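A short worksheet on the structure shown next.
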């Protein structure tokens, strides 16, 4: 079994380019299975069903979708094995841009929208910096100079990554992404030594357990204040 984890910024076209990549895998004789992780709702399973591949939808509801995906990796791999899949493709929603859903034994793919601006790669964090492959989408909407600046910013954030310029409408870049998945490392099902490439964001506080009152006296846990702001308020 092989594992590909597809993450990225919201609205970047993850599902669209993934559809083309899956079609390429099928033509190459590879049998993929797909798990789509989202928050409250998705109908992307109808799109994947058109490719005649096993697909499951997982909704994280009031939990961070990347945390949810991490907790369920073993179950997802076992399900893919039951489907006789050669590779499990896990597409997870990207929200805070700081998440780090990639494990050490996968091909990690970050899909990022070029139109989001040249500073976006610096804002994304380990979602991009720990990825093996960075798929830059919607480059056809901006100029060549803007694409080159964006590419340089990606390289600054992650010098070792492979950059694929892709188009979710035409399928440009899908074969390169498919080949990256084909060359993912083999995973032993049931391996309990799998580790994250980067620690996930801190999420241990009273807000996480449902506290809705805003006053500081109601909160405890891992909290962070704006640098110097408390001192400024006290003056």
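Some points to look at:
- Search result, residues across the stretch 181-213 that are in contact with a helix residue (DSSP H, G or I) (Cβ under 9 Å, 6 or more places away or on another chain) and closer than 23 Å to residue 129 by Cβ: 181, 187, 194, 196, 197, 198, 199, 200, 201, 203
- Yes/no for residue 26 being assigned by TED's automatic domain parsing to the domain that holds residue 171 and in contact (Cβ under 8 Å) with a residue 24 or more places away in the chain: yes
- Residue in the stretch 58-74 that is within 26 Å of residue 104 (Cα to Cα), surrounded by 15 or more Cβ atoms within 10 Å (Cβ to Cβ), more than 16 Å from the chain's Cα centre (by Cα) and assigned by TED's automatic domain parsing to the domain that holds residue 99 present: no
- The set of residues from the stretch 115-129 being within 11 Å of the chain's Cα centre (by Cα) and either closer than 18 Å to residue 148 by Cα or not in a helix (DSSP H, G or I) (or both) comprises just one member, 128.
- The residue list 48, 41 contains one member that is over 20 Å from residue 110 (Cβ atoms), surrounded by 15 or more Cβ atoms within 10 Å (Cβ to Cβ), over 14 Å from the mean Cα position of the chain (by Cα) and without any contact (Cβ under 8 Å) to a residue 60 or more places away in the chain, which is 48.
- Test: residue in the stretch 120-140 that is surrounded by fewer than 16 Cβ atoms within 10 Å (Cβ to Cβ), assigned by TED's automatic domain parsing to the domain that holds residue 24, touching a strand residue (DSSP E or B) at 6+ places or on another chain (Cβ under 8 Å) and at negative phi: no
- Some residue of the stretch 144-161 being within 28 Å of residue 75 (Cα to Cα) and surrounded by 12 or more Cβ atoms within 10 Å (Cβ to Cβ): no
- Test: residue 106 is surrounded by 21 or more Cβ atoms within 10 Å (Cβ to Cβ), within 17 Å of the chain's Cα centre (by Cα), more than 18 Å from residue 17 (Cα to Cα) and assigned by TED's automatic domain parsing to the domain that holds residue 38: yes
- Just one residue in the set 30, 5 is surrounded by fewer than 23 Cβ atoms within 10 Å (Cβ to Cβ) and touching a helix residue (DSSP H, G or I) at 6+ places or on another chain (Cβ under 8 Å); that residue is 30.
- Residue match in the stretch 130-142 (condition: in a loop (DSSP other than H, G, I, E, B), modelled with pLDDT under 95 and under 17 Å from the mean Cα position of the chain (by Cα)): no
- Residues satisfying the stated conditions in the stretch 58-74, i.e. part of a loop (DSSP other than H, G, I, E, B) and in contact (Cβ under 8 Å) with a residue 40 or more places away in the chain: 64
- Check on residue 76, on the phi < 0 side of the Ramachandran plot and out of contact with any strand residue (DSSP E or B) (no Cβ under 6 Å at 6 or more places or on another chain): no
- Any hit, the stretch 148-158, residues being in contact with a helix residue (DSSP H, G or I) (Cβ under 9 Å, 6 or more places away or on another chain), closer than 27 Å to residue 29 by Cβ, touching a residue at least 40 places away in the same chain (Cβ under 8 Å) and not in a loop (DSSP other than H, G, I, E, B): no
- Any hit, the stretch 75-84, residues being closer than 28 Å to residue 204 by Cβ and in a loop (DSSP other than H, G, I, E, B): no
The values are calculated or read from the model by the stated rules, or taken from the named source; none is laboratory data. Please read these numbers as outputs of a predicted model, since none were measured by experiment. Cβ atoms come from the backbone with ideal geometry, glycine included; neighbour counts cover every protein chain shown.
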